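For reference, the structure discussed in these notes is given below.
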Amino acid sequence: MKQILSKAVGIDLGTTNSAVAVMDRTDTDIVLHEDRRATTTPSCLWKDPRSGELVVGRLAARRVGTTPAPIRSIKRLMGRPDTVRVTDEDMTPEQVSSLVLAEMKRQIQQDVAAWDSADTSWEVDRAIVTVPAYFDQPAIEATRHAAEMAGLEVLDLLHEPTAAACYHCWSHKTDNGTFLVYDLGGGTFDASVMRCTAGAFEVLGISGNNMLGGDNVDAEMARRLQEYLVEDDYAFDLDLAGDDEDKIRFAQLKFLAEGVKQGLSAQDLFMFRDSGTVRDKDGTPVIIDRMVERAEFEEVARPVVARTIGYCHEAMELAGKVAGISLSDVDQVILAGGSTHMPLVREMVTRELCGPDGARCAEPVYEKVDTIVALGAAIRASAVGGLRSHNPERTFRIFFRGTGATGTTKTRVAGRAEALTADADLDGGHIRLSTAGYDDEADLGPDGVFGFSRVPVQAGAESLLAFDLYDGEGTRVMSTVRTVTHDDDLGIDGGETSPPTLSKSFSLQVNRAGRPHVKELVPATTLLPTRAQFSFQHPGNTEQVLFPLYQHRRRVQVIEVQVPPSTPRGAEISFDVHIDAQYLITVRGAVGNTEFDAAVEKAPPRPEPTRAEIDQLVSRFTNAVMYLKAGDHAVAQAKWDMTMASLESAWRNNDRVQLEHDLEELEFVIDSLAVVEITLVPPKAEFDAIVTECREFNLRVRQAAVGTAITHDEQELAKSIDAQVDQGERAYRNRDQRAYGEAIEQLYGILRWLDGQYKKTPEGKDNRSEEERVADAADAVGHLARGEVMRLAESKGRADYVREITEIIRDLAECQRDAGRDTGRTQTRIAQHQRRLRQIRDVLVSGAHDVDSLPVDATS
Ligand code: ADP
Ligand code: MG
């Protein structure tokens, strides 16, 4: 009986290049697909206009700079509603990616076919596909879909940095450490802080930019080349926004620029020679013969590399918050991605992130940077995907868990047997395992699960385990083998699977006091699956409420709520948002006990960016940054400038995707400055204290009024107090500062009125000495200053008033001490302060006019 065996493979689906690898049959080494010494395949698709043939990889990449142009960097569009023109047909980013994945599958299939024998045949049907840690939910979903279209069962979508760290640990035989993975590819940059504890990986902090990579360096260098050509009198004044031929010319320059870049990674001087790749606008073939120095190239590349360092610090900052980790706790900085071949990258990373003030290593790890992600994915695939075996008729299947490598001479073998067709049945069945000197049977448990413990394996060698599967009637229905290798020197097996981590926070846009407000729903680095809850009050007059859902700065989904028609306005509608390990979002809502489903729809595309939009952002930034401390100002400004430079270059190149991305980055910079202060002032405890004071004073005034001519309707007043308490409590719950502040002002008003009433009663009448009266007045005015007026000034953010009030409070304390000495003059001082405080209070309450325009006190 010929068995069909399969091992899950690891695929790095890159923006520029993809790679595929699989662990060998015994899980001791990794087989990386290689074609003519190349270990990566360009993620490039081209359709031959004549034959209609779809070409993927190197042959497609050769078509760069020709028409019809090949499709490149499709990963940048994953999860977006765009389509691309592939010669004569429109394809979605998912379709293009699925063709690349199908090619990767085909490649590794060639390698595993080498393991075929007379009674086994190997196939590729399952994979772990990697995604940048910075991918958002629609992009992740699109990747999964693409893999499925390519005929691959996706076991997991692994974060690229996790894969890189996984390979590092495996190859260095360690299963503990804290790492900063620095992955600079063609189109994306990822910085991730990872911790590996006993082989289990945890993502502690992530940052990056999925529009930053070697491509940007190429574009900048291409511009430099363009300048050379103009200097050499070629017609190279390109119109990149309008002229399609110029766009092709620029693409050709970028292609040449990439060659210069790669040449300068290996040597300090590059003889740049080319004749005829490009023609100028007059049709003259361009002949280039020029020496380019690395220093000159680095001048062009430096701004791009410099941007990456900021993201590393951001990732560290997150790790600091999540796990209290700082750069000095990082054991290794692991480099990944083709762009880390640039010596400048290693130099800057060493200088900025390693050594005395940085990570514990003297320099970053620079090993297998082009394929480290695919290699790590293969290790993980082997651990998660185990070995799967089918009988030839594909009616039964056995899945073996874990890897086939072990560090002990007695091992555990576990798995699951499944019947795949309706007439096949394994109920009451068993499985038999035989190997040299060992023979045993195990019953199939529920779901076909089985396990053998203490199975002997040959020391330092490969052992063959033979399995026979029997059904409930004792008939043998399938036989298969699994090889297990004993390896004393075994490092970690990547077997611990850590749950996926959310790399970008989810937030929801809600209305608060009539203004849009972004509320964080699920913070970054949350483990998936996760749930989040939120509730809102039904705004009324509509049966459909829409909540834009943002991930990081991008509006990724819209939650559509069909509110049941009978719902009264103001009713509380609560939500349960569930994000599963595959980033699938489902939302259930409820009004009272009635539950309903809410649809989650893809967000509409962003309208074409305009110059006006950019200008508006610039002025928003200028306004926001003004209030920062000098240091923070400089940091924000630097971030802004870098993104702005990238945006301007995208604008010049008419690169819509890059442009949108940079706009989102800019918006994010602004939003991170204007930290939304949802903590209300004054604190709730103070609100409660005012309420208690009102209630107690109300009672006291009633008691003091008994038997006098003063009428005090205590119950009526209690109602007014209650009404304000209601409003204040509600406003506090809704984080509505305005309504909250109003309730407090009203309560203060009630207190003042009560005070007036009280003073009319005999008890409240003044029979203190003059000195006591002055001291009490100073105290009372001080109370006004410290309480109501100060709170108002603080809540309105009037730092100038806060300073002035502080000064008044200080002087009032002195007045209290001086009460016995210069009574008359002290009284005047107190009265002046009181007037001034009331002025301030009036201005702050009405907000209509400024103090300067109020009548000036004649005595001051
Ligand atoms: P991605 O992860 O985006 O698919 P890769 O990790 O394959 O990308 O990196 C591709 C980038 O690496 C390209 O921009 C390419 O120009 C750059 N690259 C590859 N080799 C070198 C080299 N020797 N020197 C500098 N850059 C290189
Ligand atoms: Mg990559």
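The values are calculated or read from the model by the stated rules, or taken from the named source; none is laboratory data. Owing to the predicted nature of the structure, the values given are computational and were not obtained by experimental measurement. Note that each Cβ is placed from the backbone with ideal geometry, even for glycine, and that neighbours are counted across all protein chains shown. The accessibility values were calculated without ligands, DNA or RNA, using every heavy atom of the protein model including side chains. Shrake-Rupley method; radii C 1.70, N 1.55, O 1.52, S 1.80 Å.
Counting only residues that are hydroxyl-bearing (Ser, Thr, Tyr) and in contact (Cβ under 8 Å) with a residue 24 or more places away in the chain, give me the strands (runs of 3 or more DSSP E) lying completely in segment 411-488 with at least 3 of them.
476-486
Please state which of the following conditions Tyr228 fails to meet, knowing it meets all the rest: (1) within 16 Å of ligand 1 (Cβ to nearest atom); (2) out of contact with any Lys or Arg (no Cβ under 6 Å at 6 or more places or on another chain).
Unmet for Tyr228, out of (1) within 16 Å of ligand 1 (Cβ to nearest atom); (2) out of contact with any Lys or Arg (no Cβ under 6 Å at 6 or more places or on another chain): (1).
I'd like the residue in segment 835-860 that is part of a helix (DSSP H, G or I) and open to solvent by less than 60 Å² (accessible area, probe 1.4 Å) and, out of all such residues, is modelled with the highest pLDDT. Spell out the reasoning first.
Going residue by residue through segment 835-860, those that are part of a helix (DSSP H, G or I) are 835-846, 851-853.
Still in the running and open to solvent by less than 60 Å² (accessible area, probe 1.4 Å): 836-837, 839-841, 843-844, 851.
Values: Arg836: 86, Leu837: 89, Gln839: 82, Ile840: 86, Arg841: 85, Val843: 78, Leu844: 78, Val851: 34.
Only one residue fits best here, namely Leu837.
Contact list please: Cβ distance under 7 Å, first residue in segment 736-760 and open to solvent by 80 Å² or more (accessible area, probe 1.4 Å) and part of a helix (DSSP H, G or I), second residue modelled with pLDDT of 85 or more and among the small types (Gly, Ala, Ser), pairs at least six apart or on different chains.
none
Picking from Val278, Val300, Val286, Val292, which residue would you name as being under 31 Å from the mean Cα position of the chain (by Cα) and not assigned by TED's automatic domain parsing to the domain that holds Met194?
Every option except Val300 fails the conditions.
Filter segment 363-418 down to the residues that are of a type in the set (Phe, Trp, Tyr) and over 30 Å from Arg351 (Cβ atoms), then identify the one that is least open to solvent (accessible area, probe 1.4 Å).
Selected residue: Phe400.
Here is a list: Phe697, Phe687. Which entry is in contact (Cβ under 8 Å) with a residue 40 or more places away in the chain, closer than 26 Å to Arg798 by Cβ and of a type in the set (A, V, I, L, M, F, W, C)?
After ruling out the rest, the residue left standing is Phe687.
Return the residue satisfying two criteria in turn: it lies in segment 612-629 and is outside any loop (DSSP other than H, G, I, E, B) and either hydroxyl-bearing (Ser, Thr, Tyr) or within 16 Å of Gly797 (Cβ to Cβ) (or both), and of such residues it is most open to solvent (accessible area, probe 1.4 Å).
Going through segment 612-629, the residues outside any loop (DSSP other than H, G, I, E, B) turn out to be 612-625.
From the residues that got through so far, the ones that are either hydroxyl-bearing (Ser, Thr, Tyr) or within 16 Å of Gly797 (Cβ to Cβ) (or both) too are 619, 622-624.
Numbers: Ser619: 58, Thr622: 71, Asn623: 89, Ala624: 25 Å².
Ranking the qualifying residues of segment 612-629, first place goes to Asn623.
What pairs come out if I take residues in segment 332-343 that are at positive phi and pair them with residues that are near ligand 1 (Cβ under 6 Å from one of its atoms) whose C-beta lies under 7 Å away, six or more apart or interchain?
Gly337/Gly185
Within segment 164-199, take every residue that is part of a strand (DSSP E or B) and among the aromatic types (Phe, Trp, Tyr) and give me the one that is nearest to ligand 1 (Cβ to nearest atom).
Out of the qualifying residues, it is Phe189.
Among what's in segment 419-448 and is β-branched (Val, Ile, Thr) and surrounded by 13 or more Cβ atoms within 10 Å (Cβ to Cβ), pick the residue that is farthest from Thr480 (Cα to Cα).
So the residue we want is Thr435.
Can you confirm whether Gln107 is among the polar types (S, T, N, Q) and touching a His at 6+ places or on another chain (Cβ under 6 Å)?
On the way: among the polar types (S, T, N, Q): yes; touching a His at 6+ places or on another chain (Cβ under 6 Å): yes.
For Gln107, the condition - among the polar types (S, T, N, Q) and touching a His at 6+ places or on another chain (Cβ under 6 Å) - is met.
Please go through segment 704-735 and pick out each residue that is within 14 Å of Thr761 (Cα to Cα) and in contact (Cβ under 8 Å) with a residue 12 or more places away in the chain. So that I can check it myself, show each step before the final result.
Step one: list which residues in segment 704-735 are within 14 Å of Thr761 (Cα to Cα), which gives 704-712.
Of everything in segment 704-735, those that are within 14 Å of Thr761 (Cα to Cα) and in contact (Cβ under 8 Å) with a residue 12 or more places away in the chain turn out to be Ala704, Ala705, Thr708, Ile710, His712.
Return the residues of segment 516-560 that are open to solvent by less than 60 Å² (accessible area, probe 1.4 Å), in contact with a strand residue (DSSP E or B) (Cβ under 9 Å, 6 or more places away or on another chain), at pLDDT below 75 and of a type in the set (Val, Ile, Thr); say none if nothing qualifies.
Selection gives Thr525, Val545, Val556.
Quick one: which of Leu212, Leu184 is open to solvent by less than 10 Å² (accessible area, probe 1.4 Å), among the aliphatic types (A, V, I, L, M) and within 12 Å of ligand 2 (Cβ to nearest atom)?
Leu184
Evaluate the following for Leu157: is it farther than 26 Å from Arg307 by Cα and either without any contact (Cβ under 8 Å) to a residue 40 or more places away in the chain or within 16 Å of ligand 2 (Cβ to nearest atom) (or both)?
Criteria met by Leu157.
Do we find that Ala793 is of a type in the set (Gly, Ala, Ser), in contact (Cβ under 8 Å) with a residue 40 or more places away in the chain and under 23 Å from Ala685 (Cα atoms) in this structure?
Considered against the rule, which asks whether it is of a type in the set (Gly, Ala, Ser), in contact (Cβ under 8 Å) with a residue 40 or more places away in the chain and under 23 Å from Ala685 (Cα atoms), Ala793 comes out as yes.
Within segment 385-422, can you find the residues that are at pLDDT below 85 and charged (D, E, K, R)?
Arg401, Lys410, Arg412, listed by residue number.
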